[in-house]
1. Tally time: how many residues in region 171-200 are over 18 Å from PHE35 (Cβ atoms) and of a type in the set (Ser, Thr, Tyr)?
2. Condition check: touching a Gly at 6+ places or on another chain (Cβ under 9 Å) and either of a type in the set (Ser, Thr, Tyr) or under 21 Å from LEU63 (Cα atoms) (or both). Does VAL175 satisfy that?
3. Does ARG191 satisfy the condition of being touching an Asp or Glu at 6+ places or on another chain (Cβ under 7 Å) and modelled with pLDDT under 95?
4. Please work out which one of (1) more than 16 Å from the chain's Cα centre (by Cα); (2) surrounded by 16 or more Cβ atoms within 10 Å (Cβ to Cβ); (3) at positive phi is the condition LYS66 fails and give its number.
5. Only one of (1) in contact (Cβ under 8 Å) with a residue 24 or more places away in the chain; (2) out of contact with any strand residue (DSSP E or B) (no Cβ under 7 Å at 6 or more places or on another chain) is not met by ALA101, so which one is it?
6. Only one of (1) closer than 21 Å to GLY106 by Cβ; (2) surrounded by 15 or more Cβ atoms within 10 Å (Cβ to Cβ) fails for VAL19. Which number is that?
7. Can you work out which of the residues in region 26-49 that are more than 26 Å from THR5 (Cβ to Cβ) and touching a residue at least 24 places away in the same chain (Cβ under 8 Å) is farthest from the ligand (Cβ to nearest atom)?
8. Within 12 Å of the ligand (Cβ to nearest atom), within 23 Å of ARG197 (Cα to Cα) and outside any helix (DSSP H, G or I): does that describe LEU113?
Amino acid sequence: MTPETARDKLIVALDLPGVAQAREMVAVLGDSVSFYKIGMELVYAGGLPLARELAGAGKKVFLDLKLHDIPNTVARATAQVAEMGATFLTVHAYPQTMRAARSALGGSNLKILAVTVMTSYDDSDLAAAGYAYGVKELVARRAVQALEAGVHGLILSPEEAPDMRALLGPDMLLVTPGVRPAGADIGDQKRVMTPARAIANGANHLVVGRPITQSPDPRAAALAILAEIAGA
Ligand code: C5P
């Protein structure tokens, strides 16, 4: 794997309280990182102009907005994100929502990633919310619906990647958080995998936050993970 290919596989989650801290982190990481995830916390603290700025500076941007609304609203919001120059956008894996997002890409390079079932949900949470399926069944059902809706990828844990690759074929992008280098603090993640194993399991991109952003030397931490990806 070339260094560029490895770099494109690493997405650093900018889970930081403000734009100033995020901008500082991007400066520290420099050319070691080319792909950033901006989620709801930062978006609601002024992160959208930063997303535009990063895209304008040649970085790839993953806007983790988890859209879900009526199709017209989802389509119009997706078109706005496409216009910002983002590379990935998340939506919840409801068929209407996925189709609406997919229909609104125009000539942009934006790719839609579907979130099947939040990892904080277990079978009893789904039952309480009125679903007739357990987590495993609902994930598989929504994954197939994602394929049918033509979305580009799924967010999933690295443990689910082999089954999903078998179910969905080679073209679906599999993007996995819950990645920890050997020996790293796992924080609140419950099921973690090393970068090399996640790649071997079929992940196309890894989302890594705290092992890099909370490291005393974020750039060295990113470079170590890139070396592991490249060697996978
Ligand atoms: O700091 P850490 O590496 O755990 O960050 C992982 C990122 O991936 C966070 O932005 C988190 O919100 C996100 N994420 C996750 N698990 C999911 C979905 C998203 O950790 N199931």
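The values are calculated or read from the model by the stated rules, or taken from the named source; none is laboratory data. Given the structure is predicted, the values throughout are model-derived calculations rather than measurements. Every residue, glycine among them, receives a Cβ derived from its backbone with ideal geometry; neighbour counts consider all protein chains shown.
1. 1
2. Taking the combined requirement at face value, the residue satisfies it.
3. Answer is yes for this residue.
4. Against the list (1) more than 16 Å from the chain's Cα centre (by Cα); (2) surrounded by 16 or more Cβ atoms within 10 Å (Cβ to Cβ); (3) at positive phi, LYS66 comes up short only on (1).
5. Among (1) in contact (Cβ under 8 Å) with a residue 24 or more places away in the chain; (2) out of contact with any strand residue (DSSP E or B) (no Cβ under 7 Å at 6 or more places or on another chain), the lone unmet condition for ALA101 is (2).
6. The single condition VAL19 does not satisfy is (1).
7. Looking at residues that are more than 26 Å from THR5 (Cβ to Cβ) and touching a residue at least 24 places away in the same chain (Cβ under 8 Å), I get PRO49.
8. It is true that LEU113 is within 12 Å of the ligand (Cβ to nearest atom), within 23 Å of ARG197 (Cα to Cα) and outside any helix (DSSP H, G or I).
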